[in-house]
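Q: Mind having a look at this structure? Questions to follow.
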Amino acid sequence: MKKFLESSGQAYQSEVNKCSKLAGILVAIRGTLGLMIALSIYWLIRDNSLNYIYWLLPVMTALFLFLVVYHGKVKAKLDFYTSLVSEIEFEKDFLKTRRSDRENGSDYAKSDHDFAHDLDLFGTASLFQYLNRCFTYFGKNRLAADMQQIPDRNVIIIRQNAVKELSEWPDFMMRFRATAALSSVGKSRTEAVLAWLEEDDKSVSPWRRILSYVLPASFVLSVFLYVFTKDQMYYSTTILLFLANLANVASVGKDIKKVLAFSDEVEKTLKSFSRLITLCLNESFHSEALVTIKSSLMEEGGADLKLGKLSSIFNNLNTAANPMGLILVSGSLQFHLHAYHALINWKQKNGILVRHWFERIGEMESLISLGNFGAGNESFVFPELNEEKRINIKAGGHPLLPESKRVTNDFSLDADGFIILTGSNMAGKSTFLRTIGTHMVLTGLGAPICARAASIDPCHLLVSMGISDSLDDSQSYFFAEILRLKHILDTLRGQRCLILLDEILRGTNSQDKTAGTMAFIDQLMAASACGILATHDLEVCNMQKKYPDQIANKHFASEVVDGQLYFDYKIKDGICQSRNAMYLLEKNGVIQTTID
């Protein structure tokens, strides 16, 4: 990825410089030509005997119009390459700092979700913000939705293949991102446009449709007869037919006006997605997920062609904004009534398909975010998916921690295995739980995980690490946690889950907490639960004697070396024997006791 970013960044910056220079030259030539046209008209007004101006003026005007169109294409190319360079520079900076200023997904955060809140999937410095390379509303929605559920093995395999293909194709991912960045459309506008496309509009009545053909044909015939006969009857008939055409168009005038008021929003939104659709259709994919996306965009004539047709209809309708144009073309051919009918017909046939097309683009954006994650973390591995209800991870670490600070651990858990995890303060218990949970989320996404090797049987996650009071529901912290634990047991009885618990029942006294924790573990063992419970309560570790075939004790330790507290953040067998609370209190001047 780094090599691609360096080489392509220089190449695309060169294109930016070329396009910028050419655009400047075209502006200068166009300005000069415009001045020459104005002077030619001035000279022609002063002296109409200057015959050479009569043939020179059309040539200069045609050249001027050509330059306007050509400059527009160069400007579009410049904007694209500028956006491409911007995305490349962002990614280069991200690989250095591992920090992103992209949308953090806080709108998707739900405190009652089974695992998203406790694993910090959304919000500042979250996994969503780390992964997110989406610009469209549908892309962000799809990524957020996929992060909040662990699908079955077959879906994960399909996703893995797509992510692998994209991670080896950084050029396509960058071109898609650059195009999407230029086409960024917000939620409110996207939903407003889709609502308009999906609503039923007033159709043109059958008899007005008949008149829209009969009256213009009669008008053309009347004009033809008047030109050749000079009969005043045909002149009068022509005027009457012209007015009749206008009257028929006026019958849908309010509807056309309503469309015109919204046309800019619709056209901008559809053009934005149309560019992304065209980009997908112009590529050849191999993985099932990407091929399916492309195929769905090609169905029934192709989304790009249909959106192009709609753009053409809008261009025709927009001429109604010019009063003179409206009167002339509608009075003679009822042009705008035909355009309005074409729009209604398009909406009836394709309106409900547009959301489907947008969702496919959102799916592509989500997969590109994951492909980018894979490309930027080449040392990460795609976990093998086993069917033995086992989790085996070698040298696993949290992907959001900088590599220089990341400590990895081996971890394994059998089908009904359960770990009671003890450890002194700040020793790494909570980070370890979040690491395991994040590995499962990334596995569900089809993304690589931060490990040297991994074999995982994917399953639903149930996590309880940070319950908070609910003022809205008038719930205390303790009662909220009781409800959470009940939900965990109820869910566990219906499906296989991986359970991650951190210091449960903190809202009561130590004796009550110990008894409650041990009783809850009894319930978990009865349900053959698989997971980890982190606790400071060493008495809870005695549950291993009660369930020797299911429960294992493991711990994280700390020690004082040369007067300094030291953590190695490595998981070890057995029960933690080290303590550091008194040391930290004394070290920070809270108490004045001498610690042996």
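Values quoted throughout were computed directly from the atomic coordinates according to the rules given, and no laboratory measurement underlies them. All values derive from a computational prediction rather than experimental measurement. Glycine gets a Cβ as well: all are built from the backbone with ideal geometry, and neighbour counts include every protein chain shown.
Q: Can you work out the base-10 log of I(q)/I(0) for the stretch 335-375 at q = 0.29 1/Å, using the Debye formula on its C-alpha atoms alone?
A: Debye output, listed in q order: -0.87.
Q: Once you put a point 7 Å from the Cα of residue 405 and another 7 Å from the Cα of residue 546, both along the Cβ direction, what distance in nm separates them?
A: 3.9
Q: Okay, next question. Counting only C-alpha contacts under 8 Å and six or more residues apart, can you give the relative contact order of the stretch 384-587 as a whole percent?
A: Reported relative contact order: 29 percent.
Q: Here is a further query. Could you check the simple spin-label distance between residue 324 and residue 291, using points 7 Å along Cα→Cβ, in nm with one decimal?
A: Each label point lies 7 Å from its Cα, and together they span 5.7 nm.
Q: With contacts defined as alpha carbon pairs under 8 Å and 6 or more residues apart, what's the relative contact order of the chain in percent?
A: Averaging sequence separation for qualifying contacts and normalising by length gives 15 percent for the chain.
Q: Normalised by the residues of the stretch 54-174, what does the relative contact order come to in percent, with Cα pairs under 8 Å and at least six apart? Before the final figure, lay out the partial values.
A: Numbers: 62 pairs, mean separation 22.0, N = 121.
Computed over the stretch 54-174, the figure is 18 percent.
Q: Using 0.36 nm per residue of separation minus the Cα-Cα distance, give me the extension gain between residue 66 and residue 11 in nm, one decimal.
A: Full-extension gain reported as 16.9 nm.
Q: Each label point is 7 Å from the Cα along the Cα-to-Cβ direction; what then is the distance between the points at residue 46 and residue 32, in nm?
A: Placing both labels 7 Å beyond Cα along the Cβ direction yields 2.2 nm.
Q: Hey, another quick one. On average, how much area does the Cα convex hull of the stretch 420-536 cover when viewed from any direction, in nm²?
A: Value for the stretch 420-536: 8.6 nm².
Q: How big is the equivalent ellipsoid of the stretch 272-412 along its three axes, where each semi-axis is √(5λ) from the Cα gyration tensor, reported in whole Å from largest to smallest?
A: 52, 17, 11
Q: Further question: Cα atoms only: what Rg and Dmax, in Å, come out for the stretch 384-587?
A: My reading of the Cα-based Rg and Dmax gives 17.2, 52 Å.
Q: While we're here: In degrees between 0 and 90, to the nearest 10, how far off the longest principal axis of the chain does helix 429-445 point, with axes built from Cα atoms?
A: 40
Q: Got a sec? How would 102, 452, 177 order by Cβ neighbour count within 10 Å, fewest to most?
A: Ranking 102, 452, 177 by Cβ neighbours within 10 Å, fewest first, gives 452, 102, 177.
Q: Can I ask one more? With all pairs of different alpha carbon atoms counted, what Kirkwood hydrodynamic radius in Å does the stretch 379-429 show?
A: Across the stretch 379-429, the inverse of the average 1/r is 13.2 Å.
Q: Another question, if that's okay. Report, in deg cm²/dmol and to the nearest 500, the calculated mean residue ellipticity at 222 nm for the chain, where each DSSP H run with n ≥ 4 adds -39500 (n - 2.57) and the sum is divided by the residue count.
A: The per-residue figure over the chain is -20500 deg cm²/dmol.
Q: Rounding to the nearest 10 and keeping the result within 0 to 90°, find how far the Cα-based axis of helix 187-198 lies from the longest principal axis of the chain.
A: 60
Q: Nearest 5 is fine: what % of DSSP beta bridges in the stretch 384-587 come out antiparallel, could you say?
A: 40
Q: List, in order, the whole-Hz ³J(HN,Hα) value for each residue of the stretch 533-544 obtained from phi through the Karplus relation with A = 6.51, B = -1.76, C = 1.60 and θ = phi - 60°; use x for Gly and Pro.
A: 10, 8, 8, 8, 7, 5, 5, 5, 5, 5, 5, 5
Q: Just check the stretch 366-460 against the gyration tensor rule for me: Cα atoms, a ≥ b ≥ c as the square roots of the eigenvalues, rounded for a/c under 1.5, and otherwise prolate or oblate depending on whether a/b exceeds b/c.
A: Note, shape of the stretch 366-460 comes out oblate.
Q: Hey, can you grab everything whose amide H is under 5 Å from the amide H of residue 386? Only 5+ residues off in sequence or another chain; H modelled, so Pro and N-termini drop out.
A: 456, 457
Q: Explain nothing, just compute: Karplus ³J(HN,Hα) = 6.51 cos²θ - 1.76 cosθ + 1.60, θ = phi - 60°, for every residue of the stretch 502-516 in order, whole Hz, x for Gly and Pro.
A: Karplus values, whole Hz, x for Gly and Pro: 10, 6, 6, 6, 6, x, 9, 5, 4, 5, 5, 4, 4, 4, x.
Q: Could you give the Stokes-Einstein D for the stretch 98-138 in µm² per second, using the C-alpha Kirkwood radius, 4 °C, 1.567 mPa s? Let's see the in-between values first.
A: On the way: Rh = 10.5 Å.
Calculated translational D: 124 µm²/s.
Q: Would you work out if the stretch 55-212 is rounded, prolate or oblate? Take a ≥ b ≥ c from the square roots of the eigenvalues of the alpha-carbon gyration tensor; rounded if a/c is under 1.5, else prolate when a/b is larger than b/c, oblate otherwise.
A: Here the stretch 55-212 falls in the oblate category.
Q: Hey, how many Å between the Cα centroid of the stretch 324-373 and the Cα centroid of the stretch 259-278?
A: 7
Q: Another question, then. With 5 Å bins from zero, work out the P(r) of the stretch 1-97 over every alpha carbon pair and list the percent per bin.
A: Using 5 Å bins, I get a P(r) of 2, 12, 16, 14, 10, 9, 9, 7, 6, 5, 4, 3, 2, 1, 0 for the stretch 1-97.
Q: So, one more: Starting from the eigenvalues of the Cα gyration tensor, five times each then square-rooted, give me the equivalent ellipsoid semi-axes of the stretch 199-347, largest first, whole Å.
A: 41, 15, 13
Q: Amide H to amide H, which residues 5 or more places from residue 395 or on other chains are under 5 Å from it, using H placed in the peptide plane?
A: Close amide H contacts, sequence-distant or interchain: 409, 410, 411, 452.
Q: On full extension of the chain, what length is gained from residue 107 through residue 353, given 0.36 nm per residue of separation minus the C-alpha to C-alpha distance?
A: My answer for the length gained is 85.9 nm.
Q: Continuing with this model, one more query. Among 389, 405, 546, rank each residue by its count of other Cβ atoms within 10 Å, from fewest to most, as a rough exposure measure.
A: 405, 546, 389
Q: What is the ratio of the Cα radius of gyration of the stretch 352-418 to 2.2 N^0.38 Å, where N is its residue count, to two decimals?
A: Normalised by 2.2 N^0.38 Å, the Cα Rg of the stretch 352-418 equals 1.60.
Q: Additional query: Quick one: order 555, 356, 460 by neighbouring beta-carbon count within 10 Å, fewest to most. Walk me through the numbers before you get to the answer.
A: Values: 555 23, 356 13, 460 18.
Ordered from fewest to most neighbouring Cβ atoms within 10 Å, 555, 356, 460 come out as 356, 460, 555.
Q: Cross-link list 21/306; 429/546; 187/347; 187/309; 75/349; 140/347: which exceed 29 angstrom alpha carbon to alpha carbon?
A: In this structure, 21/306; 75/349 lie more than 29 Å apart at Cα.
Q: Taking only the alpha carbons of the stretch 159-248, what extent do you get along each of the three principal axes, in Å, biggest first?
A: Principal axes ranked by extent give 77, 31, 23 Å for the Cα atoms.
Q: Of the DSSP beta bridges with both residues in the chain, give the percent that are antiparallel, rounding to the nearest 5.
A: 40
Q: If the viscosity is 1.567 mPa s and the temperature 4 °C, what Stokes-Einstein diffusion coefficient in µm²/s follows for the chain when Rh is the Kirkwood radius over Cα pairs?
A: 44
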